[in-house]
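Contents: one structure, followed by commentary.
The numbers here are math on the coordinates, done by the rules we state, and not lab data. These figures come from a predicted structure and were not determined experimentally. Counting neighbours? That spans all protein chains shown, and the Cβs are built from the backbone with ideal geometry, glycine included.
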Amino acid sequence: MVRAKDLLTELVSLGYLDADNERYSVSDHGKAFLAAKFADQLTRKAAEQLLDRVHYTVYTLNNMSQMTHYVHRLAIYGGILGTDQDISRLGIVIDLQQRLERTPVSRRAKKIQYGPEAIFRTLRRLDKRLDVIEMASPAAGNVQYEEVHTTEIMRPEDLSKPTSETT
């Protein structure tokens, strides 16, 4: 029979618990394990649907004149790049750029501006299983960039500009 003291010692040695003078608390590693173990799983189909919602939301945000920034690039990382059917989380990395010009649609819009935090807040509210990282942040350094699929997000004004291929 396993004694409680032996079990606690084993959990500490595995890094799931921190011990401090016979007081135990769940370590960061233990919290990550619990979050992964008990989180709702995303199926591949649900992850792809969520990614479609992310693209639509980014397109919508990029076309809001009240936004001080726009999403220049969007990249995905993590389990969705593999072949597994169950994905624990969907990870995206975004590259924000500041708008050079704003064209307010009304007098009220001239006074209201939303910064980069509004973009992050809006994207994170789409689903609790969505991780959003800014490319310029130190956390983005932990992402395997060779596995990241990058998609340019076009704004309507970009679509009307002639490119070298069309001229």
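Below is a table of values for the structure above.
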{"read-out": "Net lengthening on full extension, residue 64/residue 98 (0.36 nm per residue, minus Cα-Cα)", "value": "10.9 nm"}
{"read-out": "Sparse-neighbourhood loop sites, GluC sites (Glu not before Pro) in segment 1-101 - DSSP loop, at most 10 other Cβ within 10 angstrom", "value": "22, 101"}
{"read-out": "Sequence-distant residues sharing a close amide H with residue 69 (under 5 Å, placed H)", "value": "99"}
